[in-house]
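The values are calculated or read from the model by the stated rules, or taken from the named source; none is laboratory data. The structure presented is a predicted model; accordingly, all values stated were derived computationally and were not measured. Heads up, the Cβs are rebuilt from the backbone with ideal geometry, glycines too, and the neighbour counts pull from every protein chain shown. Each accessible area value is taken on the protein alone, full model and side chains, heavy atoms only, with ligands, DNA and RNA left out. Shrake-Rupley method; radii C 1.70, N 1.55, O 1.52, S 1.80 Å.
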Amino acid sequence: MERHLKSAGPFIALLALVLAGALINDAFLSAGNLVNILARSSFIGIIAIGATFVISGGGIDLSVGAMAAFISGCMILLMNFLLGFTDSVPLIITGALLASLGIGAAAGLINGLLTTKARIEAFIVTLGTMGIYRSLVTWLADGGALTLNFTVGDLYSEVYYGRLLGLPYPVWIFLATATSGYVLLNHTVFGRHCLAVGSNDKVARYSAINVDRVRTTTFVLQGICVSIATIIYVPRLGSASGQTGILWELEAIAAVIIGGTMLRGGHGRIWGTVAGALILTLIGNILNLTDAVSNYLNGAVQGIIVIVAVLLQRGVWSSRP
Amino acid sequence: MSQSTVQLSPEMLLEGRSISKSFGGIKVLHGIDIELRAGEVHALLGENGAGKSTLCKILCGFERPDAGELISAGSALCLRDWDPRKAERRGIVMIHQEFNLAEQLSIAENIFLGRELRRGPFLDYRTMTREAGAYLRSLNCELDPGTRVSELSVADRQMVEIARTRVGNVRVLVLDEPTAVLTGAESEVLYELIRKLAREGVAVVFISHKLDEIQRLADRVSILRDGNLVGNFAIGDLNREDMVRHMVGRDIDSLFPPVRPLPDDFVKVLEVRELQVRDAPEAVGFDLRQGEVLGFFGLVGSGRSSLLETVTGLRKPPVGSRGRITLNGREVDIPDPRSARDLGISYLTKDRAGRGLLLDQNLRMNFSLYALSRFAGALIRAKEEASAFKQAIDEFEIRCPSLEISAGKLSGGNQQKLLLAKFLAAEPRVLIVDEPTRGIDIGTRSQIYLLLDSLVQSGTTIILISSDITEIIGMCHRVAVMYRGSLAGTLDREEFSEREIMRYATGLKSRTGNSQMKQ
Ligand SMILES: Nc1ncnc2c1ncn2[C@@H]1O[C@H](COP(=O)(O)OP(=O)(O)OP(=O)(O)O)[C@@H](O)[C@H]1O
Ligand SMILES: [Mg+2]
């Protein structure tokens, strides 16, 4: 009973923030603002879905922000390049999407293999690859920004701005990713294995689970999620630079933690993560709508929420006095 | 030593009066009274889940009772903020069923964990090492305080746990199933230590499922059943049968089901040839006959688990080893535990807390983890899983206050039953069980033997690794005895005798060539 109450925490916090927003400013509840919040949450949200797998499997991935920047850069370069060969913009975009997914999966695979086969801590591996991807994109952009060609950009921007049933595509993609993530984590053998590995990898091994494969797969999933987020991010700005996706890794981890997933692994909550991502965006949005707290304190408020979330959770799983 | 005063009027060191405790609304202790007197060894006896550990945790501050009082040195203790530190200050300490030492730290660091000695701002390693050494020596234990705990045997770890209580200050020492993980010889050392402490006026509480050791060691016995105190007896007033009857509520005439004779034209299920185990002195081979129970006996550290973990792909043999495994006449490759499982060979670890169960996950997840594919296509069939789980809970009589608790909250014996349920869910044809009755009460023990027997009857072949020689003699068709990583010999049932088996186990006798005679 108590447990259910506490696991509802992130959703209660989300509701409280919505109420607070509504009280602070009438504009908050306008359809435009709400849709905007949802759309903005989707980048971090989708990345955080992947992070939920990595973290509940007992790992951590610090490279996601840099990976997003790198994939953006590659996609833009590829699309501009393909324009020299074909006029079919849809074809070009499709090519870029496939490439994005491929790069994302490969980058995740590298992280995964380095952690499992080379037996280096995930923290160290992804700290390393974070630096590598970040400097690669800076190098590709020659220190400046890579900009998408207009012709492609016009059509591609539909992916970010287009709507279905009143909601922008990114929101639908976020929802679809979260739903698949939920089913995968809670209703499949892989999901179970992932939690088992995060809970105690020795026990998992003695239970005939291929621990390395499960761990590696969580990193690949993370890479794919980063790639999906990038696919909807690129048309929004139409450019990529060394500054793209800065600190996204921390926001993603924060969303996961706020959502009730434990950093030490073994327990994952996909819908909690979704709530976490929404909470992070809401804080920024509400601070924008009020003068009571300076907008510059956005990070501070987010930080406080993360710490409070962990304090509240401590009672939920703790087994020992 | 004031032996006489101790015997005439043993001083009351700690008394519990009508102690009750519930978990999640379910009562697990119903008004228990217990008296611990100086110089007395007080045994606690009861089935798995009867509440022994919980009672002890309350005495030592690890749990707080819902009702009742604790009286120490003539005055009632305030129980609202009763905790292990306060208990320790009064000299009341507990050695838990599952150890909690920091593996990567040295013995000295463990002994002083959380109360490190300092000189100025720095840790005073020299004094800590010296004092740790003194504690160990007072236990007649010659370990070097600088050794890492991860390198120690179970028995040595236990000594460290005891040394950690800083023997000199202890008035009440509570030992939760201390001998469950020890060999006979190691237990003797512990008994001696317990007697010594009792002579010095310590009140010792001792939980055990081994009735003979209770008879040898205890002065008083308190018996719990389903959270109720059945009675408190002087040891002389009880015989073995009484103990069992009070504990289980019925008589158990024969612990072991009769061993079924094997047909003369037996088939070999498993043939292991020239299998080199890492760090073992020589390659090992053995046969397993269809429908038999093959025992593996040896002293702790003789390499039984390593051998069978290598067979089941849990340990890699050294590179270049030429071991061959034949299953039902077909040579098989078992590179990982998964292949073993898919071939129908399951290994059930003895380390239930570290390798057997996910202590922070719920019971259902633990139950289905090993045989998950039985309940899953693309998705896990939750209903099927849940009903198999419920059935297993009934079949294995796993007792728990609620099905929602995490596995770590089960009593030790019930964890063991869950572990059995988990591996049997895969319906293996060759079942390798490593110390399956460790920490199991006598009633459940006889049930487990019946279960193993019914498995044999239904065509399963069993390898039973055990350090309990009566269990080996009671259950097995043959026994393979190991000594220092080598197979010292294999004995048929007709040749079984405790003495003979022990001769092989201690290296006095060997059938496989280069016998290592001990002087
Ligand atoms: N923290 C807890 N939360 C919920 N239930 C608990 C908790 N600790 C113990 N229990 C339950 O209390 C009952 C008594 O457990 P306890 O560990 O005292 O048994 P025990 O007599 O020591 O058994 P064993 O011989 O198997 O070690 C069990 O049903 C157990 O599941
Ligand atoms: Mg116990």
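Numbers at a glance
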{"item": "Paired Rg and Dmax values of chain A, which use every Cα atom, in angstrom", "result": "19.8, 67"}
{"item": "Inter-centroid distance (Cα atoms) of region B:227-263 relative to region A:1-61, Å", "result": "58"}
{"item": "Dipole of the protein assembly as shown, positive end: most advanced residue of B:60, B:255, B:276 [Cβ charges, Cα centre]", "result": "B:60"}
{"item": "Whole-Å distance, taken between Cα centres, linking region B:136-195 and region A:282-298", "result": "60"}
{"item": "Dipole magnitude (debye, nearest 20) for chain A, charges at Cβ of Lys, Arg, Asp, Glu", "result": "1180"}
{"item": "Cα shape, region A:215-308, gyration tensor, a/c 1.5 rule", "result": "oblate"}
{"item": "Under 5 Å, built H, 5+ apart or other chain: amide partners of residue B:95", "result": "B:174, B:175, B:176"}
{"item": "Three-way shape label, the protein assembly as shown, alpha-carbon gyration tensor, a/c 1.5", "result": "prolate"}
{"item": "Charge sum, other residues only, whose C-beta stays under 11 Å from residue A:277's C-beta, Lys/Arg counted +1 and Asp/Glu -1", "result": "0"}
{"item": "Set of lysines with alpha-carbon distance to residue B:27 below 26 Å, sequence-local pairs under 8 removed", "result": "A:6, B:52, B:57, B:86, B:390, B:409, B:417"}
{"item": "Net charge, residue B:278 excluded, C-beta distance under 15 Å - Lys, Arg +1, Asp, Glu -1", "result": "+1"}
{"item": "Karplus-derived 3J(HN,Hα), 6.51/-1.76/1.60, for each residue of region B:319-333, Hz, glycine and proline x", "result": "4, x, 7, 10, x, 10, 10, 10, 10, 6, x, 10, 6, 10, 10"}
{"item": "Mean separation of Cα contacts under 8 Å (6+ apart) over length of chain A, as relative contact order %", "result": "35"}
{"item": "Of all accessible heavy-atom area on region B:42-114, the percent that carbon and sulfur account for (1.4 Å)", "result": "45"}
{"item": "Helix-only mean residue ellipticity at 222 nm for chain B, each DSSP H run of n ≥ 4 adding -39500 (n - 2.57), per residue, nearest 500", "result": "-9000 deg cm²/dmol"}
{"item": "Net charge dipole size for the protein assembly as shown [Lys, Arg +1 and Asp, Glu -1 on Cβ; Debye, nearest 20]", "result": "620"}
{"item": "Long-range amide H partners of residue B:224 with built H, under 5 Å", "result": "B:45, B:46, B:230"}
{"item": "As computed over region B:429-494, the Cα convex hull volume per residue (Å³)", "result": "96"}
{"item": "Region A:110-153-region B:293-319 distance, computed between alpha-carbon centres (Å)", "result": "45"}
{"item": "For chain B, convex hull of alpha carbons as volume per residue, Å³", "result": "187"}
{"item": "Solvent-accessible area per residue for region B:12-248 (1.4 angstrom probe, square angstrom)", "result": "43"}
{"item": "Tensor-based shape of region B:305-404 (alpha-carbon gyration tensor, a/c under 1.5 rounded, otherwise prolate or oblate)", "result": "prolate"}
{"item": "Apportionment of accessible area to carbon and sulfur, region A:2-318, percent (1.4 Å)", "result": "68"}
{"item": "Stokes-Einstein D (µm²/s) once Rh is taken as the Kirkwood radius of region B:356-427 over alpha-carbon pairs, at 37 °C in 0.692 mPa s", "result": "274"}
{"item": "Check: region B:311-355 dipole with +1 on Lys, Arg Cβ and -1 on Asp, Glu Cβ, in debye", "result": "180"}
{"item": "J(HN,Hα) series, region B:452-464, from Karplus relation 6.51 cos²θ - 1.76 cosθ + 1.60, nearest Hz, glycine and proline x", "result": "4, 5, 5, 5, 4, 4, 8, x, 7, 10, 10, 10, 10"}
{"item": "Accessible area buried, both sides summed, chains A and B with 1.4 Å probe, Å²", "result": "2400"}
{"item": "Given chain A, longest segment not containing exposed loop trypsin sites (Lys or Arg not before Pro) (DSSP; at most 15 other Cβ within 10 Å)", "result": "A:120-263"}
{"item": "Residue B:253-residue B:338 pseudo-label distance in nm [points 7 Å out on the Cα-to-Cβ vector]", "result": "5.0"}
{"item": "In order through region A:82-96: 3J(HN,Hα) via Karplus (6.51 cos²θ - 1.76 cosθ + 1.60), integer Hz, x for Gly, Pro", "result": "5, 4, x, 10, 9, 9, 6, 4, x, 4, 4, 5, 4, x, 5"}
{"item": "For chain B: relative contact order, % (alpha-carbon pairs under 8 angstrom, 6 or more apart)", "result": "15"}
{"item": "Built amide H within the under 5 Å cut-off of residue B:297, gap 5+", "result": "B:480, B:481, B:482"}
